[in-house]
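Report on one structure; see the data block that follows.
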Amino acid sequence: MPPSKGTGHPLRLLGVYAVLLAVIYALVFFTGDKSPEPKLGIDLQGGTQVTLTPRTPDGGKPSKDSLKQAQQIIESRVNGLGVAGSEVVIDGNNLVITVPGSDGQQAKSLATTAKLYIRPVVGQPLPVGPDGKVQTGGEPAPGAEQPGTPPANPPAPAPGAGQQAPAPGASPGTESKPSNESGTASGTASSGEASGAGESSGTTAQNRVFPAPAQAPTTPAPAPQPGAPNPALTPQQQAKQEIDAARALRQSTDPQVQQLAAQQLDCHKPDPLAGNDDPKLPLVTCSSDGHEVYLLAPMRIDGQDIKDASSSLNQQSQWAVDLTFKNADAWADLTKEYLQKQVAFTLDSKVISAPVVQQGPQLGGTTQITGQFNASTAKELANSLKYGSLPLSFEVSEASTVSATLGLASLHAGLIAGAIGLVAVLLYCLLYYRMLGFLAGFSLVASGVAVYGIIVLLGRWINFTLDLAGIAGLIIGIGMTADSFVVFFERIKDEMREGRSFRSAVPRGWARAQRTNLSGKTVSLIASVVLYILAAGQVKGFAFTLGLTTVLDVVVLYLVTSPLMMLASRSPFWAKPSVNGLGAVQQLARERKAAGTLVGTGAR
């Protein structure tokens, strides 16, 4: 409602707006990185562009549908992480990801295939040396079961099988306990990814070996060897050759070949099987930190069965990833069968966690992956699992820096054009509305100061980045604020033409103008929301800033413009026609009144 009587009400409204500005800039200067500069988009600050080349199992070209699906999933991951200003486009048979700034690691992490499988661990993991190869000296454990075949009578866990590798600074033999909330197994991790189970205090490397067949053949079976690069093959054919060779060696059901695969595996090199392993076969693979080699049985639970994934702090104040499965019975059966044994969570063919099932069966279909995650890595993993795995695996074929030279030149030109337009509007207001134009200019400045502070805060809180399209939305929004003043001032003129004084015309004109302004702002806000939902890329930035300035326009009208006009209407100085520029309107009102009086006298 408009202010009515007394000067206290307008001053209180102005005080409320002053407090809002104080809060905004207190958050700007005393929270976060305390930088008073907004985050800029790719076109203004430059960025990193990563080209991803798909690798299909058959070495052929990916289908358009699979590329579009991969694009949509990566865009969902971008939105889930709050990485504003990023672009994901299809370029021929490749995907191109562009993120603001010079750090391309974030773009690469968005392209993880994120194929999650839960596989039982067979035997004990093998330690990996500094060269990335399995340390020698271990002997096969006699009488072990064939990999991938659950034993009829599960033997007691081997020494160290029920314990996790001690975290840095922890005492040896510390067990990884299940979460009290979910009651499920948890594992330990390294650098946000996870290592497998380790030995208990006193366990030697000779204990930690793959199982061997009960009757080993005297002559080892020949194992397929990875083919050397052939220049005659296309990159797709070469990739297929690498995948086929890795599958034949590392997904063999022959225990002798599995032993050979473990000895030849280099955990420091890129994995050609990343996201391409066959879940129906055993798998010899590394932990994600490259410290251990595992033999895993065929997949028991597919990551596609994940209903939801989220990151949170557990009761030990450690970051973890909470998973909810669609089929709760599958998880309960697995935990019942592998009580006091390890099960491995593999992400893109690497073991990210290998917890020991401490309690079974676990009901509810929930579990938790724990480890040395931080807030960022836990959120990235949960985000990748939540939005599903990519239909293709990708490798980074090119990474480059995007220059912002053209964008900065456009920014300078746009700011100059906006400043010229703003000055022209203010000059028009001064010439047409005299001193009332100063009130309009003050309101515009108050709106611009609030918008700037809010954009800085949004950059910290939701990673909002300001690009050229967003600046265009700001300029248009501030221009629409000037339209609101014009509507208000013209309503005041209408009231004065009817013979009212400047003092009485201001509140009545505000009552009529606010309905018109609110209707126009509502239409503008609806258009901004619809545009933001339906648009893509930089158009979203335009819609966002336009909607933001529209909302702030309403706030400024009620807390700044209206109180200032109420105070001016009660001032003898502002009531002077030479000051407010309303002398012609007052003269017209007097002439109408005089004409009405003459007509009335003549009638008598």
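The values are calculated or read from the model by the stated rules, or taken from the named source; none is laboratory data. Computed from a predicted model, the values in this text were never measured in an experiment. Positions of Cβ are generated from backbone atoms using ideal geometry, with glycine treated the same way; all protein chains shown enter the neighbour counts. Heavy atoms of the whole protein, side chains included, go into the accessibility calculation; ligands, DNA and RNA do not. Shrake-Rupley method; radii C 1.70, N 1.55, O 1.52, S 1.80 Å.
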Look at Thr285 and say whether it is outside any strand (DSSP E or B) and of a type in the set (Ser, Thr, Tyr).
-> no
Answer yes or no: is there a residue in region 573-580 that is modelled with pLDDT of 85 or more, open to solvent by less than 40 Å² (accessible area, probe 1.4 Å), among the small types (Gly, Ala, Ser) and out of contact with any His (no Cβ under 6 Å at 6 or more places or on another chain).
-> no
Please specify each residue of region 479-493 satisfying the condition of being of a type outside the set (Ser, Thr, Tyr), within 19 Å of Gly418 (Cβ to Cβ) and crowded, with 23+ Cβ neighbours inside 10 Å.
-> Phe485
Reported set for region 288-312 where residues are assigned to a strand (DSSP E or B) and among the small types (Gly, Ala, Ser) is Ala309, Ser310, Ser311, Ser312
Gly303 open to solvent by less than 60 Å² (accessible area, probe 1.4 Å) and on the phi > 0 side of the Ramachandran plot = no
Restricting region 515-557 to residues that are open to solvent by 40 Å² or more (accessible area, probe 1.4 Å) and charged (D, E, K, R), the one farthest from Val451 (Cα to Cα) turns out to be Arg515
Just checking, which of Val89, Val83, Val78, Val50 is outside any helix (DSSP H, G or I) and either on the phi > 0 side of the Ramachandran plot or modelled with pLDDT under 80 (or both)?
-> Val83
Expected output for region 487-516 (first residue touching a residue at least 60 places away in the same chain (Cβ under 8 Å) and under 27 Å from Ala595 (Cα atoms), partner open to solvent by 50 Å² or more (accessible area, probe 1.4 Å) and aliphatic (A, V, I, L, M), Cβ below 7 Å, 6+ apart or cross-chain) is Arg497/Leu588
Name the one entry in Gln256, Gln225 that is at pLDDT below 90 and either outside any loop (DSSP other than H, G, I, E, B) or surrounded by fewer than 17 Cβ atoms within 10 Å (Cβ to Cβ) (or both).
-> Gln225
What number of residues within region 30-47 satisfy the criterion of being surrounded by 13 or more Cβ atoms within 10 Å (Cβ to Cβ) and in a helix (DSSP H, G or I)?
-> 4
Residue list for region 262-282, restricted to those being small (Gly, Ala, Ser) and not in a loop (DSSP other than H, G, I, E, B) | Ala262
Please state which one of Ala399, Ala378 is closer than 29 Å to Ser63 by Cα and either at pLDDT below 80 or surrounded by 15 or more Cβ atoms within 10 Å (Cβ to Cβ) (or both).
-> Ala399
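Let's see how each residue does on (1) crowded, with 21+ Cβ neighbours inside 10 Å; (2) within 30 Å of the chain's Cα centre (by Cα); (3) more than 30 Å from Asn463 (Cα to Cα):
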| residue | (1), (2), (3) |
| --- | --- |
| Ala262 | yes, no, yes |
| Ser287 | yes, yes, yes |
| Lys326 | no, yes, yes |
| Asp329 | no, no, yes |
| Val357 | yes, no, yes |
| Phe373 | yes, yes, no |
